[in-house]
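Working notes, beginning with the structure itself.
The values are calculated or read from the model by the stated rules, or taken from the named source; none is laboratory data. None of the values given here were measured: they were computed from a predicted structure. So basically every Cβ, Gly included, is an ideal-geometry build from the backbone, and we count neighbours across all protein chains shown. Calculation scope for accessible area: heavy atoms of the full protein, side chains included, ligands and nucleic acids excluded. Shrake-Rupley method; radii C 1.70, N 1.55, O 1.52, S 1.80 Å.
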Amino acid sequence: MSAGSNQRSEDQFLCSICLEVFTDPVSTPCGHNFCNNCITHYWEDKVLYKCPLCKDTFSTRPQLKVNTFIREMVDQFRHEAQQEASSSSAEVQLMIQKRRLKIQELKESMKISKDAADRETAEGVQVFTALMESVQRGLEELLEEIQDKQKAAEKQAEDFIKDLEQEISELMKRSSELKQLSLSEDHLHLLQSFCSLNAAPPTKDWTEVRVHPASYEGTVVRAVSQLEETLRKQMKMFKLKKVQQDAVDVTLDPDTAHPHLILSADGKQVYHSDVKKNLPDNPERFSHCCCVLGCQSFSSGRFYFEVQVKGKTDWDLGVARESVTRKGNIILSPQDGFWTIWLRNGNKYDANASHAVHLHLQSGPEKVGVFVDYEEGLVSFYDVDAAALIFSFTGCCFTEKLYPYFSPSPNYGGKNSSPLIICPVSQSV
């Protein structure tokens, strides 16, 4: 029932005396309708009875009859009005509930935002405090180096002056002795003493002696260069620490492992064995390539894990989408659902992009960190100990679940027998 029709119906069912919806409606002989109590009170103690609306008069008090039609219509109107009120109340309650939920949602968003701001503030203070401490140490070391050079120059000059003063003292003593001898009247003593005093006392040739001012050329430049290197290392450590905050617990999935692979009981290590195990060839298992996936899958957000590769000559690491080929030969490329890097022959590192990208690493990593930002389409690899970025796949489009991917490669007669080990992530800088 619309608001307009409801208003019209209500007007039709109002008693003209009490102006309320009819209660026990009755009809007068003139055809008008009133509440039974209203018209009864209206005619109470009257001699002449008159209709409140049309003013028709009745010589005797009319016999009022219940208007069943009006009563039924009023009852129906009341029922519909109650239903509409109940429905409106439910709608209002629903609107109230939705707004309360929205308030809760906004409060949760505010809390998440504040927590993120607090974390970022704490990290910012920590990082900038470390940077300022490095700058202060660099300044102190620079001043100490300059002061040391100046002190060395001053000591050299002081030593020269001391030697010169000593020689002057000796010469003045000799001059005094000669002067006294010249006044002697004992000629024999004069001749005997003169021969011994005539020889000049030993002295240094000071002609070429110089105190060269300390050279400070390049001192500040070297200090700034060292500071820049320190800050670069700290920034790399800070960036690594940021991705380490998204560390997840990864374990190896035995149902996907190639039959030549041996997994540790805790699912954290894998190595290649010459003995092929008799395992069911289920759809998840790799049948040709010596690789295994993690148990955990990721379809949103960011995640990070670290793998020890120390002592190995060959390995593959990265992530793979759920629908990758598991049977027969596989191609490690993004087009085929793999985002990986590998080591071959102990010193050849490649990123397996559309075209292999050779990675020029100063030293081989002993622990590799793998970071994925699903929404950003980013897969990055880190040398954990050096806090250095090895390689990043960017602009990736992920539409499926991603799984951590591992291959220890064949053991090559024991040369590559060391396991790949999934390590707990330490976030200390």
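Odds and ends about this structure:
- Within segment 145-174, the residues that satisfy the criterion of being open to solvent by 70 Å² or more (accessible area, probe 1.4 Å) and either over 17 Å from P213 (Cα atoms) or in contact with a helix residue (DSSP H, G or I) (Cβ under 7 Å, 6 or more places away or on another chain) (or both) are K162, D163, E165, Q166, I168, E170, L171, M172, K173.
- Single match in A353, A320 (criterion: of a type in the set (A, V, I, L, M, F, W, C) and over 24 Å from V425 (Cβ atoms)): A353
- Of all the numbered requirements in (1) assigned to a strand (DSSP E or B); (2) within 30 Å of P259 (Cβ to Cβ), R326 misses one, and that requirement is (1).
- Selection within segment 222-261 - exposed (fewer than 15 other Cβ atoms within 10 Å of the Cβ) and within 28 Å of C290 (Cβ to Cβ): D249, D255
- Segment 140-175, residues that are without any contact (Cβ under 8 Å) to a residue 60 or more places away in the chain and under 52 Å from the mean Cα position of the chain (by Cα): E140, L143, E144, Q147, D148, K151
- Single unsatisfied condition, F77 versus (1) open to solvent by 50 Å² or more (accessible area, probe 1.4 Å); (2) in contact with a helix residue (DSSP H, G or I) (Cβ under 7 Å, 6 or more places away or on another chain); (3) part of a helix (DSSP H, G or I): (1)
- Any hit, segment 309-316, residues being closer than 16 Å to P404 by Cβ, open to solvent by 30 Å² or more (accessible area, probe 1.4 Å) and at pLDDT 95 or above: no
- Selection count, segment 286-312, where residues are in a loop (DSSP other than H, G, I, E, B) and touching a strand residue (DSSP E or B) at 6+ places or on another chain (Cβ under 9 Å): 12
- Those residues of segment 321-365 which are open to solvent by 50 Å² or more (accessible area, probe 1.4 Å) and among the hydrophobic types (A, V, I, L, M, F, W, C), in sequence order: I331, W342, A356, V357, L361
- Subset tally (residues that are open to solvent by 10 Å² or more (accessible area, probe 1.4 Å), of a type outside the set (S, T, Y) and in contact with a Leu (Cβ under 9 Å, 6 or more places away or on another chain)) for segment 290-307: 4
Every residue, every condition in (1) in contact with a Leu (Cβ under 7 Å, 6 or more places away or on another chain); (2) assigned to a loop (DSSP other than H, G, I, E, B); (3) farther than 24 Å from V324 by Cβ, yes or no:
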site: Y382; (1), (2), (3): yes, no, no
site: S392; (1), (2), (3): yes, no, no
site: G395; (1), (2), (3): no, yes, no
site: F398; (1), (2), (3): no, yes, no
site: S409; (1), (2), (3): no, yes, no
site: Y412; (1), (2), (3): no, yes, yes
site: N416; (1), (2), (3): no, yes, no
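- A200 meets the conditions (1) modelled with pLDDT of 80 or more; (2) not in a helix (DSSP H, G or I) in every case but one. The failed one is (1).
- Hits in segment 24-42 - residues which are open to solvent by 60 Å² or more (accessible area, probe 1.4 Å) and in contact with a helix residue (DSSP H, G or I) (Cβ under 7 Å, 6 or more places away or on another chain): D24
- Within segment 10-44, the set of residues being touching a Leu at 6+ places or on another chain (Cβ under 8 Å), within 16 Å of V74 (Cα to Cα) and not aromatic (F, W, Y) comprises S16, E20, V21, V26, S27, H32, N36.
- Residue within segment 357-366 that is part of a loop (DSSP other than H, G, I, E, B) and closer than 13 Å to E306 by Cβ present: yes
- Within segment 32-74, the only residue that satisfies the criterion of being within 20 Å of V21 (Cβ to Cβ), of a type in the set (S, T, N, Q) and part of a strand (DSSP E or B) is N33.
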